[in-house]
Amino acid sequence: MKSKIQMNVPFQKSRECLLKTHMVEVVILSTALILAGCNKNPPPSAQPPVVSTLHPVAREIVEWDEYIGHLESPETVEIRARVSGYLDKVHFKEGKEVKKGDLLFTIDPRPYQAEFDHADAEHERAISQTELAKNDYERAKRLIATKAISEEDYDTKSKTYSAAQAAVRSAKAALNLAKLNLEFTEVHAPIDGRISRALVTEGNLVSGGVSGAGATLLTTLVSLDPLYLYGDADERSILKYLQLRREGKRVSARDEQIPAEMGLADETGFPHKGHMDFVDNRVDQNTGTMRARGVFPNEDHSLSPGFFARIRIHGSGKYPALLIPDRALGSDQAQKFVYVVNAEKKVEFRPVTIGPIIDGLRVVKTGLKSGEQIIVEGLMRVRPGVLVDAKPPEAK
């Protein structure tokens, strides 16, 4: 037993020596690898990000204020019957355009023709009686000079002649009235425009009236060229326009025509050009707005009364400004900013104050200078102080 233990001790020591030797070799190899790696050249640094830049556009501009309004016809006529009778004929096509003087309706003219003939005959009879009374009066004038007739007979002849003259005037008035009623049996278009549908069809009895009370409405007619656009401006805008007028930066529509532009619901921008010609004389206390009116030509009659439209007018005087694309703007909570590439090709953070959009570009009122480079593409790849490779935007 004793001899066996003595035999195992040398074996255990040799095993420990082998492990220590192996560990030393591993440490030496690792150290050699680390030293070898340190001796290699470091990898090249990353390339600066590529961004697209452009210069702000310097231009003298005028700001525009936009409103919503609706189109109306300058002339809207309700066609009503002036005489009573049966509607004999409708002469127009509904919804079509008519010219001034075109025949629209015919009311049965026969009763009024008879009245006219009767009045004409009465007028002729009155003229004949007047001529007879005149002859008697002339004869009496000669006889009274020689005292051949009494003063009473002379006065009778004179008054008879005066009454005959009055009867002629009365008959003439009745004849004129009968002539008017006969003319009113034909209803003509009072203006050029587009006519509505016939509200009364042929064969129906219509009621007339010169004053319009109780007169039957036959149809309506609206003019088409030009058209009015009515809109309402709020009190704050009105005060701004008054201030601009006092400063001499903007005229008032009360003084002269000012430019206005209009766009319909299905149109982009404001393709229709016109002017403002009317501003109301008071602010509506219920709405706090004042009504104004624009005039727009409609030569092709493509516009119709009743359309809702967008209208814009000058909201400022002319002033120099810088304009940039909206995509160059960033937002930091409520603060707008742009990234500017300086002379060292490094990015600068620049807070800006913006204005409206003019011709697709955003007005920058403060924060930029003419000639500076702003980043329009690649904003997410940069931060202030970073070196960038600035290039012009690619053509699309």
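The values are calculated or read from the model by the stated rules, or taken from the named source; none is laboratory data. What you see is a predicted model, and the numbers here were worked out from it, not measured in a lab. Every residue, glycine as well, gets a Cβ built from its backbone with ideal geometry; the counts of neighbours run over all protein chains shown. What goes into the accessible areas is simple: the full protein's heavy atoms, side chains included, and nothing from ligands, DNA or RNA. Shrake-Rupley method; radii C 1.70, N 1.55, O 1.52, S 1.80 Å.
How far, in degrees from 0 to 90, does helix 235-246 lean away from the longest principal axis of the Cα atoms of the chain, to the nearest 10?
Helix 235-246 sits roughly 80 degrees off the main axis of the chain.
Hey, what number do you get for the chain at 222 nm if only DSSP H runs of n ≥ 4 count, each worth -39500 (n - 2.57), divided across all residues, to the nearest 500?
Taking each H run of at least 4 residues, the total per residue is -11000 deg cm²/dmol.
Test of the criteria: in segment 217-277, which GluC sites (Glu not before Pro) are in a DSSP loop and have at most 10 other Cβ atoms within 10 angstrom of their Cβ?
Loop-located and lightly packed - Glu247, Glu256.
So for segment 299-396, Kirkwood radius off the Cα pairs, Stokes-Einstein at 4 °C and 1.567 mPa s: how many µm² s⁻¹?
81
Can you tell me the dipole magnitude for segment 68-109 around its Cα centre, using point charges on the Cβ only (Lys, Arg +1; Asp, Glu -1), in Debye to the nearest 20?
That gives a dipole near 120 debye.
Mind checking which of Tyr154, Pro111, Gly209 is farthest towards the positive end of the chain's charge dipole, using Cβ charges of +1 (Lys, Arg) and -1 (Asp, Glu) about the Cα centre?
Going by the Cα projections, it comes out as Gly209.
Place +1 on the Cβ of every Lys and Arg and -1 on the Cβ of every Asp and Glu in the chain, take the dipole about the Cα centre, and give the residue among Met276, Leu199, Gly355 whose Cα lies farthest towards its positive end.
Gly355
Leaving ligands, DNA and RNA out of it, rank Phe307, Phe92 by accessible area with a 1.4 Å probe, largest first.
The ranking, largest first, comes out as Phe307, Phe92.
Expressed in whole Å with the largest first, what are the equivalent ellipsoid semi-axes of the chain derived from the C-alpha gyration tensor as the square root of 5 times each eigenvalue?
For the chain, the ellipsoid semi-axes come out as 104, 28, 16 Å.
To the nearest 20 debye, what charge dipole does segment 241-396 have about its Cα centre, counting +1 at the Cβ of each Lys and Arg and -1 at the Cβ of each Asp and Glu?
620
Relative contact order of the chain: what whole-number percent is it, with Cα pairs under 8 angstrom and at least 6 residues apart?
25
Between the DSSP loop rule and a limit of at most 16 other Cβ atoms within 10 Å, which trypsin sites (Lys or Arg not before Pro) in segment 49-140 are left?
Sparse-neighbourhood loop trypsin sites (Lys or Arg not before Pro): Lys93, Lys96, Lys99, Lys100.
Which entries of Lys249/Lys336; Lys318/Lys345; Lys99/Lys179; Lys159/Lys179; Lys240/Lys273; Lys365/Lys391 have Cα-Cα distances beyond 32 Å here?
Violating the 32 Å Cα-Cα cut-off are Lys318/Lys345.
Helix 2-38: angle to the longest alpha-carbon principal axis of the chain, degrees 0 to 90, nearest 10?
With both axes taken from Cα atoms, the answer is about 40 degrees.
Counting Lys +1, Arg +1, Asp -1, Glu -1, what net charge surrounds Pro297 among other residues with beta carbon under 10 Å of its beta carbon?
Its environment carries a net charge of -2.
So if I place +1 on the C-beta of Lys and Arg and -1 on the C-beta of Asp and Glu, and nothing else carries charge, what would the dipole magnitude of the chain be about its Cα centre? I want it in debye, nearest 20.
Rounded to the nearest 20 debye, it is 3180 debye.
Taking the chain as the reference, fit the longest principal axis to its C-alpha atoms, fit the long axis of helix 151-184 to the helix C-alpha atoms, and give the angle between the two in degrees, 0 to 90, nearest 10.
Roughly 30 degrees, rounded to the nearest 10.
Accessible area per residue for the chain in Å², computed with a 1.4 Å probe and the full protein assembly in place, what is it?
65
Using a 1.4 Å probe on the protein chains only, how many percent of the accessible area of segment 129-288 belongs to carbon and sulfur?
50
Residues with beta-carbon under 11 Å from that of Ile354, excluding Ile354: net charge, scoring Lys, Arg +1 and Asp, Glu -1?
Summing Lys/Arg as +1 and Asp/Glu as -1 gives +2.
Under 5 Å between amide H atoms, partner at least 5 residues away or on a different chain: which partners does Arg82 have, H built in plane at 1.01 Å?
The answer is Gly209.
Given an 8 Å cut-off on Cα distances and at least 6 residues of separation, report the relative contact order of segment 270-396 as a percent.
Result for segment 270-396 is 20 percent.
Relative contact order, percent, of segment 144-251 when contacts are C-alpha pairs under 8 Å separated by at least 6 residues?
17
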